[in-house]
Structure formats: structure tokens, C-alpha cells
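Data first, discussion second: the structure below is written as C-alpha cells.
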Amino acid sequence: MIAFKEGIRLSANGLELDLRKSKDGKIVIFHDKVLDKKSNGTGRIKDYLFQELYKLDFGSWFDPKFKGEHIVLFEEFAKEFLNLDLTFAIELKVVGIEKEVLNILKQYKSHDNIYITSFKYEALENVRKLDKKIKLSWLVEKITQENIKQLLKIRGSQICPNAINVTEEDIFLAKSSKLGVRLWGVSDENIMKKVYNLDIEGMTVDFPDKLLKIQEKDKKVGKCVL
């Protein structure tokens, strides 16, 4: 939870999160497939019951001062944050959690500035079958005519390429098909500065305060999603 609260404190205008499923079917927020690097546990998220995951330390790997931080249930996040005036990019890391995620969103969301994102096209297809209106964003390595065509088949809203691969021509191609573009993989300030002036809807960064400084210099806003 501290990561999301810190992002808001640093003036992020959106939050990005990754969803997986525990052994007992709880939807939890965690990026990696395995626990080893970002907790004091080992093995796969899906092999643990939620209460077993909750007992692990998810903070010390980053800094000792965060010792005791717990894994977060998506529903807990939804209660805390979905009423805020922010953009939410909610990434499905696995197929098969679409219905549960949508049910939680319906219960807690207060606006429609929410994007369901995934690298897994099947997950986005499943979401569209269940919800005809929610915004879909497909995470890809590079924008191509073929993946634009596929995204349009499920009435997607955004295509999200790796920042190091994107070109102005790619963005033009997407926008010609009425798709927005949001970048991922903005892992350092040099990449951020390189793509900042492209015609994009946003980028996912771990340092919203640094992006905000650039925006303040040229009086632009709106390109920051944590």
C-alpha cells in the first residue's frame, strides 16, 4: 500500500497495478510470477493461500524501513483508491481472473477512467465478452498493423508499446486507427526525456516527481501514470 500512497504524494495522476491469483482464488497485486526477489518467500504466487502470502514480508527487499509491508488484495486497493480522480491501468498478469476483477470494479469504481491492460490478448478478449464498454489496453513490444487490427477487433482503446521501440510513425499509425498510445518500459530518466514530446496519452514511470518537473517547465500536464 505504501507504494501507491507514495505515488500519489509525488503527484502521479494515475496508478498502475498488476493482478494475479492466489491458490485459494484471491486476486492480489504483485508484478512478478515468483516471490523470490520481492519478498522473503520463494516460489509462485499461485501456489500459496492468501493468508500464507499475507504473513510474508513484502517491503524489506526494497528498504529495511518498509519491513512488514503486506501483499495487497485487489479489493482492498479498490476500496482505498478507486474513488479518487486518477487514471487506473489495471494489468491482468494471468488469464482466468477477468470476471472477479470486473465484479470488484463494478462494486467500487466511481468513474470510467479505468483501463484493463494485459500482454495476454486472450485476457482482453475475455474482458470484452463480459463488459462491452470498459477500456482495453494491449501491452506489446512494438506497434504493428497486425496488432492494431487485432486490438480493433475487441474495440480496444489504447495500444501500449515498449518505450525503447516506439517511433513517431508507429504513433501516427495507431492514432490513424483512433487508438491512444501509452508507453511502458520507461525505466530511467533518459528514456523518459526521449519520449516525452511524442504524441502519447501517457507513460508508466516509477518516478512521477521527476516527470512532473519536466511538465512544470513547459506547463504540460497529464503524461504520468505510476
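The values are calculated or read from the model by the stated rules, or taken from the named source; none is laboratory data. Quick caveat, the model's predicted, so the values are computed rather than measured. Note: ideal-geometry Cβ built from the backbone for every residue, glycine included; neighbour counts use all protein chains shown.
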*Of all residues in the range 1-39, count the ones that are modelled with pLDDT of 95 or more, within 23 Å of Phe207 (Cα to Cα) and part of a loop (DSSP other than H, G, I, E, B).*
7
*Restricting attention to the range 46-55, report how many residues are buried (at least 16 other Cβ atoms within 10 Å of the Cβ) and in a loop (DSSP other than H, G, I, E, B).*
1
*Which of (1) loosely packed, with under 15 Cβ neighbours inside 10 Å; (2) closer than 19 Å to Pro208 by Cα; (3) modelled with pLDDT of 95 or more is the odd one out, the single condition Thr42 does not satisfy?*
(2)
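One line per residue, one yes/no per condition, for (1) farther than 25 Å from Leu183 by Cα; (2) surrounded by fewer than 19 Cβ atoms within 10 Å (Cβ to Cβ); (3) touching a Pro at 6+ places or on another chain (Cβ under 9 Å):
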{"residue": "Phe62", "(1), (2), (3)": "no, yes, no"}
{"residue": "Ile71", "(1), (2), (3)": "yes, no, no"}
{"residue": "Phe77", "(1), (2), (3)": "no, no, no"}
{"residue": "Leu82", "(1), (2), (3)": "no, no, no"}
{"residue": "Ile90", "(1), (2), (3)": "no, no, no"}
{"residue": "Val101", "(1), (2), (3)": "no, no, no"}
{"residue": "His111", "(1), (2), (3)": "no, yes, no"}
_Go through the range 163-200 and report how many residues are under 17 Å from Leu136 (Cα atoms) and within 15 Å of the chain's Cα centre (by Cα)._
4
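For Trp138, state whether it is of a type in the set (Phe, Trp, Tyr), touching a helix residue (DSSP H, G or I) at 6+ places or on another chain (Cβ under 6 Å) and within 18 Å of Thr87 (Cα to Cα).
Yes.
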_Some residue of the range 139-155 being surrounded by 14 or more Cβ atoms within 10 Å (Cβ to Cβ), assigned to a strand (DSSP E or B), among the polar types (S, T, N, Q) and under 21 Å from the mean Cα position of the chain (by Cα)_ = no
*Collect the residues in the range 70-97 that are free of Cβ contacts under 8 Å to residues at least 40 places away in the same chain, assigned to a loop (DSSP other than H, G, I, E, B) and among the charged types (D, E, K, R), keeping them in residue-number order.*
Asp85
*asked:* Can you tell me which condition Val101 does not meet? The list is (1) in contact with an Asp or Glu (Cβ under 9 Å, 6 or more places away or on another chain); (2) over 19 Å from Arg9 (Cα atoms); (3) not in a loop (DSSP other than H, G, I, E, B), and all the others hold.
replied: (1)
